[in-house]
Amino acid sequence: MYPPAQKRRSFAPFIIAIILAGALIVGLRVLFGGSDAGGSANTQDPSGSQESSSAQGAACGDDGVKLNVVASSEKAEVLRTIADAYNGREVGGRCVDVVVTSKASGDAMQALARGWDTRRDGPKPDVWTPASAGWVSLLQQRVAVSDQASPIPAENPTIATSPLVIAMPKPMAQAIGWPSKKVGWTQILDLANDPKGWAKYDHPEWGPFRLGKTNPNYSTSGLNATIGAYFAATGLSGDLSKQDVANAKTRKFVSGVERSIVHYGDISLTFLSNLQHADDSGTAMSYISAVTIEEKSVWDYNQGNPTGDPKTLGQHAKPKIPLVAIYPTEGTLLSDHPYAELTGLDPAKKAAADDFLKYLRSDGQREFAKYAFRSFDGKAGDLITAANGLDPKEPATTLSVPAPDVLDEILKSWGELRKPANVLVVIDTSGSMGAAVPGTGKSKLDLAKQAAVNALSQFGPNDKVGLWMFSLRQDGNKDYRQLVPMKKIAKDELRSRIRDLIPNGGTGLYDTALASYQDVLKRQSDDTINAVVLLTDGKNEDNNSISLDDLLPDLGTEAGQDTVRLFTIAYGADADLDVLKQISQTTNAAAYDSREPGSIDRVFTAVLSNF
């Protein structure tokens, strides 16, 4: 449901820049246990979205009704707070407990489309609330193609809204004329394409205009940016068709746009934690020029709380350089946060879901407003102010999205045209990887091998992928051994070599991290995404290796310089998570937390969404 007074206008100018501003920040947020308390985090959870920072307590006994709500990450913690106030209410004579789980909108859509698997996807929802109704449309399309019944209705009520904005560091926005000058996508596009970069506005010290883009299979801002690329390529303002998407001229244009991307990510909110780290170290201005996010996320960041978790609000200082929201003059899209009840709920759960919806749209609105969401009917609250970098009078114009079958075709086409990657996969084969995982009949290495093989399907035909194993003294004095050189992906060969891995020896982490980074660095190209994915279940056990204090400077780069990103996976309870965070953060990447070995399949999916 959109605010009634807003008109709709042409997509084309808006779209060109949403592609470019479509999110920026070349690193990933890091989230450990669901928060970035103190700004120290650089850990991503297995599903690519934030987990609860503390378990929700049950208000009801065994005879109560448990309602599982799966929510997009930017509002999950607010929903938990609302649920905590709601829980214990009686509906139809039975006590109700609402339990909120966070999951990226695209990830949840795919899980519902293929048939929710609780072992892989987490608790099955009774209610799903993604960031945008666009994900509902995509779900309807996916199940229709496979001749399945839709698990949710096509139309669903809205519980909160937040417009998509171009967030910029305040000095940069001021340099291009904000706030006295209305800024549109034309100015953003011109700056992004100008080889002089910020020197165009007398700030050569800021370097080039820095851009990035989130993965449209997971991220709402990434989905919108990708939609925009296809509209811009055709010059249309609406009624985009599947034939338009397949047109050779369109594909050439979109391919050119994708080649300008630094790297992809799973959800745009993860980027803001890396920006916070850059701000802490005084490098924010060389790290980001613009990022497309929800308006409410600008407020979160400016409070020093980029994850939007109410429990961590106030635990980190406000940034030295705040963000401001630019509402493009051509118009923008709204995240409308639909509330979709799954079909087939038993009467007690259906009654609980209906009652919780009423609560969200009444008492719950005050809680949404406390964290800079607009109301379900689009009204701006007290936090939407110029002092917070926001404008309650904007957006003047809202835009809509293509039909579901066209959206589905866009995502398929994007998979063929996205920027290629050079990725080296490095897997720990130390003896501890042979430990059995209770309840699975498999070892940690067995599960990791299965997850790695499953994840290979995410690579495209233009990607180059290599494979190393490591423990201790694998190749002479080297702790690592090359199994497949980095080359055009050969999935059969990679599958075979991964399945042949066996556990043995200790963990030579530091030498392997440096060698793998340097190997990709020698092969890096401006035309590709360049990265290492390193999985380990232990700590460095090579007493003759480089030290961590010497390793980190060798991985570091000058502020703003693009280089190889080293994504790490902490696998199992004994993995040195703190060290892995430091390694990944030094390269503007992310450490992923897979302390529960059963989550490793989801971890690989989330990690590879960056490529």
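The values are calculated or read from the model by the stated rules, or taken from the named source; none is laboratory data. This is a predicted model, so every value here is computed, not measured. Neighbour counts are summed over all protein chains in view; Cβ atoms, including those assigned to glycine, are modelled from backbone coordinates with ideal geometry.
Quick look at the numbers
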| read-out | value |
| --- | --- |
| Odd one out for E367 among (1) buried (at least 23 other Cβ atoms within 10 Å of the Cβ); (2) within 20 Å of S132 (Cα to Cα); (3) in contact with a helix residue (DSSP H, G or I) (Cβ under 9 Å, 6 or more places away or on another chain) | (1) |
| Qualifying residue in the stretch 315-337 (condition: of a type in the set (D, E), modelled with pLDDT under 90 and under 28 Å from G207 (Cα atoms)) | yes |
| Residue pairs meeting the criteria (Cβ under 8 Å; at least 6 apart or on separate chains; first more than 14 Å from V425 (Cβ to Cβ), in the stretch 493-514; second assigned to a helix (DSSP H, G or I) and of a type in the set (A, V, I, L, M)) | I502/L445; P503/M433; P503/L445; L509/V579; Y510/L548; Y510/L551; L514/L551; L514/L555 |
| Matching option when the condition is modelled with pLDDT under 90 and of a type in the set (A, V, I, L, M), among V465, V423, V406 | V406 |
| Within the stretch 427-470, tally of residues that are β-branched (V, I, T) and touching a strand residue (DSSP E or B) at 6+ places or on another chain (Cβ under 8 Å) | 4 |
| Flag if R473 is touching a strand residue (DSSP E or B) at 6+ places or on another chain (Cβ under 6 Å), more than 20 Å from I583 (Cβ to Cβ), surrounded by fewer than 17 Cβ atoms within 10 Å (Cβ to Cβ) and among the basic types (K, R) | no |
| Single residue of T226, T270, T292 found to be modelled with pLDDT of 75 or more, β-branched (V, I, T) and assigned to a helix (DSSP H, G or I) | T226 |
| Residues located in the stretch 273-289, provided they are in a helix (DSSP H, G or I), closer than 22 Å to A386 by Cα and touching a Lys or Arg at 6+ places or on another chain (Cβ under 8 Å) | D279, A284 |
| Hits in the stretch 155-177 - residues which are outside any loop (DSSP other than H, G, I, E, B), within 16 Å of Q187 (Cα to Cα) and either out of contact with any strand residue (DSSP E or B) (no Cβ under 9 Å at 6 or more places or on another chain) or hydrophobic (A, V, I, L, M, F, W, C) (or both) | V165, I166, A167, M168, P171, M172, A173, A175 |
| Options I529, I569, I489: the member that is in contact with a His (Cβ under 9 Å, 6 or more places away or on another chain) and surrounded by 18 or more Cβ atoms within 10 Å (Cβ to Cβ) | I529 |
| Within the stretch 122-154, considering residues that are buried (at least 23 other Cβ atoms within 10 Å of the Cβ) and among the aliphatic types (A, V, I, L, M), the one farthest from I227 (Cα to Cα) | V127 |
| Matching residues, the stretch 401-413, being within 22 Å of the chain's Cα centre (by Cα) and not in a helix (DSSP H, G or I) | V401 |
| Residue count for the stretch 392-426, restricted to those that are in contact with a strand residue (DSSP E or B) (Cβ under 7 Å, 6 or more places away or on another chain) and either farther than 19 Å from T214 by Cβ or of a type in the set (G, A, S) (or both) | 9 |
| Residue list for the stretch 573-597, filter: touching a helix residue (DSSP H, G or I) at 6+ places or on another chain (Cβ under 7 Å), closer than 29 Å to T118 by Cβ and part of a helix (DSSP H, G or I) | P597 |
| Some residue of the stretch 589-602 being within 20 Å of L445 (Cα to Cα) and without any contact (Cβ under 8 Å) to a residue 60 or more places away in the chain | yes |
| Test: residue in the stretch 415-423 that is in a helix (DSSP H, G or I) and either in contact with a Lys or Arg (Cβ under 6 Å, 6 or more places away or on another chain) or surrounded by 17 or more Cβ atoms within 10 Å (Cβ to Cβ) (or both) | yes |
| Matching residues, the stretch 66-94, being without any contact (Cβ under 8 Å) to a residue 60 or more places away in the chain, over 25 Å from I293 (Cα atoms), out of contact with any Cys (no Cβ under 7 Å at 6 or more places or on another chain) and of a type outside the set (D, E, K, R) | N68, N87, G93 |
| Selection status of A149, part of a loop (DSSP other than H, G, I, E, B) and more than 25 Å from the chain's Cα centre (by Cα) | yes |
| Within the stretch 535-557, considering residues that are touching an Asp or Glu at 6+ places or on another chain (Cβ under 8 Å) and touching a residue at least 40 places away in the same chain (Cβ under 8 Å), the one surrounded by the most Cβ atoms within 10 Å (Cβ to Cβ) | T536 |
| Subset of the stretch 457-470 (residues that are in contact with a helix residue (DSSP H, G or I) (Cβ under 7 Å, 6 or more places away or on another chain) and buried (at least 19 other Cβ atoms within 10 Å of the Cβ)) | V465, L467, W468, F470 |
| Checking D354 against (1) in the same structural domain as A83 (by TED's automatic domain parsing); (2) surrounded by fewer than 22 Cβ atoms within 10 Å (Cβ to Cβ); (3) more than 30 Å from G228 (Cβ to Cβ); (4) out of contact with any Asp or Glu (no Cβ under 8 Å at 6 or more places or on another chain), the condition it does not meet | (4) |
